[in-house]
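The values are calculated or read from the model by the stated rules, or taken from the named source; none is laboratory data. In this text the structure is predicted, and so the values were computed from the model without any measurement. All Cβ positions, even for glycine, are placed from backbone atoms using ideal geometry, and neighbour counts span all protein chains on display.
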Amino acid sequence: MKGSSPLLDTTPLHVREARRRRLIYGLLTAFFVITQIIWVGVPVLMAVLWSLVDPQHPWSFPQLFPEKLSWAQWAYVFKYTNIERALKTSYSVAPLAVLLSFVLSLPTAYVLGRKNIPGKKVFMLVVLLPIIMPGMVVALFLSRVFAAFHLTQSFFGLVLAHTLMGIPYMIRVLTTSFESIPQDIIDAAENLGAGTFVKIKDIFLPMVRPGLLAGMVFAFTTSIEEFNLTFVIGTPTFETIPTILYSFLGYNFIRTNASVVALIMMTPNIILLFIVERILKSDYLSASLGKV
Amino acid sequence: MKRVILAILVLLLAAGIGFAAGAKEAPKAAAKIDLQKATWDQIVAAAKAEGQVTFYAWYFPDYFKEAGIDFEKQYGIKANVIVGDQTANFNKAIAEKDQAVGTIDVMIVGGQWVKTTMDLNLFYGPIKSIIPEADKLAPSLWEVQEGFLTRGFLAPFHRNQTGILYDPEQVKSLPQTWQELEAWIDANPKKFGFCDPSKGGSGQSFVHSVIAHTTGGLEKYKGDTDVVQSKVANWNLAWKWFQDRKDKLTITMSNNDSIIRLNGGEITMTVAWDDNVSDQMAKGNLFKRAKMYIPKFGLAGGGDTMGVLKNAPNKAAALLWIRHITTKEQQWKKFQMVKAYPARMDIAIEGTLLTEEDRKNNAIPWFPAPYKSYMISEFVKNVLMK
């Protein structure tokens, strides 16, 4: 039969190529979807199920799913922890920390991205040190500095602490954005008489906006998830969501309650990521078309 | 324009600093009275003048929140209950150690941190002579906590005991003697679990029992204030016991991890703390059919304590908080809410996971503190790293 053997296959080469490409894309997509399900879907689903386990009907081996679901674990967290206070603090501190880390990172990122300064690579590494070092080590040393400046147990101190943790991400992402701005555009603007302010307003800021949004996401999620420094310098006056989460996730691991707090912390972050992802896509497009 | 931007930045910074200064509460002066000499009524009056107490815990948020409400109702003193993580709590206390006035008044002290905190001189005391009815609280726990000397600085507020937790559907005959346990482990590879002793007290208790049974008992260590090398010379027998069974034992990551693995069916028998088990069971993390016992070969017990920080801003209120938690009413309430065994010896409790008979006959005391530290480091070196 025609086409039944590869030797007799008379299908045009480009069609076969297209089929092969489709197969590879299909396999890659399937691999991506399966990986996402394993790495993201399953843990989230498990967290949702564990958060709904009824205390009177434990979820144990060999049950595949919980015998009975209820809101008891959620009610417990809202009744017996300071989660509401923590939510208010977390979502007040994070936007301010993002703003401050942007303001403080911008000049450094500009210099690192656009100027050739000696020791630039070393500086780029130094900037990342707070992320590389263990959180509690950074917290213990920084708490001394904060105490010396009377910044512990204060809202501003907390914002500053979260800013410091967000700055490495912000600098790194903004630096890459500044680096990627074509020099031709800046030269052309200068030839047309653009001053510093016009260049910042019409070239730098629009072109680093995708990077800025990505940096904001990193800084925001870092702030929302920051535990060590907040715990040492903020509590007992301030509690954030991770300070509640760690009480269930740390030494005294209670999976049901930890799942509730993890979901409370995770959900706004996921929504934010989707929003920023949409903005980022449109921004890249508009930036490339010069319509920003 | 540059000047305008600069001015705005300076203004923002100034506003922030101003907000920070305004938001910060001035630390209260520590109680002026000599707490060691004052009468209890004077301490209560000083506590009321302080107006608040900050308490750090890492478990039982339900009970401690209720206890805080009761405290406020009874004394009119605000109770800030912070339930954090054990390690983070102590790291914070240690970070604030050199400050004249810290932020923590009173905190729970678990067995793992007694040595570090006592060595660092973190707590105010002794407080045994100050707290009313102190003699009603577990006397041995006032002096020694899980093998470490506390000398009346740390107040017992509940007792706990390690035992063997098991799934009665999987385990039909319970090993009681050392030989029976060995035979059970050999017959059921990987089904017996205990936690890494550097991560939790239940694991320490098991390794402690292994040492006792492989190296000639615990009597010889009594009264020692330092590790006597000749007495630990044969501990290699204990490490050999573990190495010989490395493929048959399951070493877990924490006290609660042991319970979680039992719930998940990975293991069917594990060493656990009774209060951990009750808590996990109450929250739906462990099947209700689970049972617990102390085998005849013996497992160690202990309890948790509370200590008043040396630089506590509200020391009198902290002492009053300890008194509040150790009253008969609160001890009973704690047991009803979270099933934690009271530290008070004058409360008769029935219907616990471990029977009174088990506690009386099979609970064993820890060997002295230096041996415990030595045991943990040697276990890591000779078992985990080999």
Practice item. Out of A:LEU100, A:LEU106, A:LEU112, report the one residue that is at pLDDT 95 or above, over 23 Å from A:SER247 (Cα atoms) and surrounded by 14 or more Cβ atoms within 10 Å (Cβ to Cβ). Key: A:LEU100
Exercise for review: Just need a number here: residues in the range B:35-54 that are in contact with a helix residue (DSSP H, G or I) (Cβ under 6 Å, 6 or more places away or on another chain) and in a strand (DSSP E or B).
Suggested key: 1
Review point. Of the residues that sit in the range A:65-88 and are away from chain B (no Cβ under 12 Å) and not charged (D, E, K, R), which one is farthest from A:THR163 (Cα to Cα)?
Key: A:PHE65
Point to revise | Scan of the range B:332-344 for residues that are touching a residue at least 60 places away in the same chain (Cβ under 8 Å) and either more than 19 Å from the chain's Cα centre (by Cα) or over 15 Å from B:THR305 (Cβ atoms) (or both), ordered by number | key: B:LYS333, B:MET337, B:VAL338, B:LYS339
Point to revise | Wholly within the range B:154-242, helices (runs of 4 or more DSSP H) carrying at least 2 residues that are closer than 30 Å to B:ASP105 by Cα | key: B:201-214
Revision key, fill the gap. Restricting the range B:110-135 to residues that are at pLDDT 95 or above and not in a loop (DSSP other than H, G, I, E, B), the one farthest from the chain's Cα centre (by Cα) turns out to be B:ASP135
Point to revise | Total residues in the range B:91-101, condition more than 8 Å from chain A (Cβ to nearest Cβ) and surrounded by 24 or more Cβ atoms within 10 Å (Cβ to Cβ) | key: 1
Point to revise | Selected residue (only one of B:LYS296, B:LYS283 is basic (Lys, Arg), surrounded by fewer than 24 Cβ atoms within 10 Å (Cβ to Cβ) and more than 12 Å from chain A (Cβ to nearest Cβ)) | key: B:LYS296
Exercise for review: Take B:ALA317 and decide whether it is closer than 22 Å to B:ASN89 by Cβ and part of a loop (DSSP other than H, G, I, E, B).
Suggested key: no
Review point. What pairs can you find where one residue is in the range A:28-52 and more than 30 Å from A:ALA75 (Cβ to Cβ), the other is surrounded by 13 or more Cβ atoms within 10 Å (Cβ to Cβ) and among the small types (Gly, Ala, Ser), and their Cβ atoms are less than 7 Å apart, with a gap of 6+ or different chains?
Key: none
Exercise for review: Report yes if B:SER278 is within 14 Å of another protein chain (Cβ to nearest Cβ) and of a type in the set (S, T, N, Q), otherwise no.
Suggested key: yes
Study note, to complete from the structure: Inside the range B:307-323, the number of residues satisfying the requirement of being within 30 Å of B:PHE206 (Cα to Cα) and either touching a Lys or Arg at 6+ places or on another chain (Cβ under 9 Å) or assigned by TED's automatic domain parsing to the domain that holds B:PRO365 (or both) is 0
Check your understanding: Just for the range B:66-90: of the residues that are acidic (Asp, Glu) and buried (at least 16 other Cβ atoms within 10 Å of the Cβ), which one is farthest from the chain's Cα centre (by Cα)?
Key -> B:ASP70
Check your understanding: Limited to the range A:234-254, what total is found for residues that are among the β-branched types (Val, Ile, Thr), in a helix (DSSP H, G or I) and within 9 Å of chain B (Cβ to nearest Cβ)?
Key -> 2
Study note, to complete from the structure: All-but-one check, A:ALA194 against (1) in a helix (DSSP H, G or I); (2) of a type in the set (A, V, I, L, M); (3) without any contact (Cβ under 8 Å) to a residue 24 or more places away in the chain, failing number (1)
Exercise for review: Check B:VAL109, B:VAL101 and return the single one that is out of contact with any strand residue (DSSP E or B) (no Cβ under 9 Å at 6 or more places or on another chain) and closer than 24 Å to B:GLY68 by Cα.
Suggested key: B:VAL101
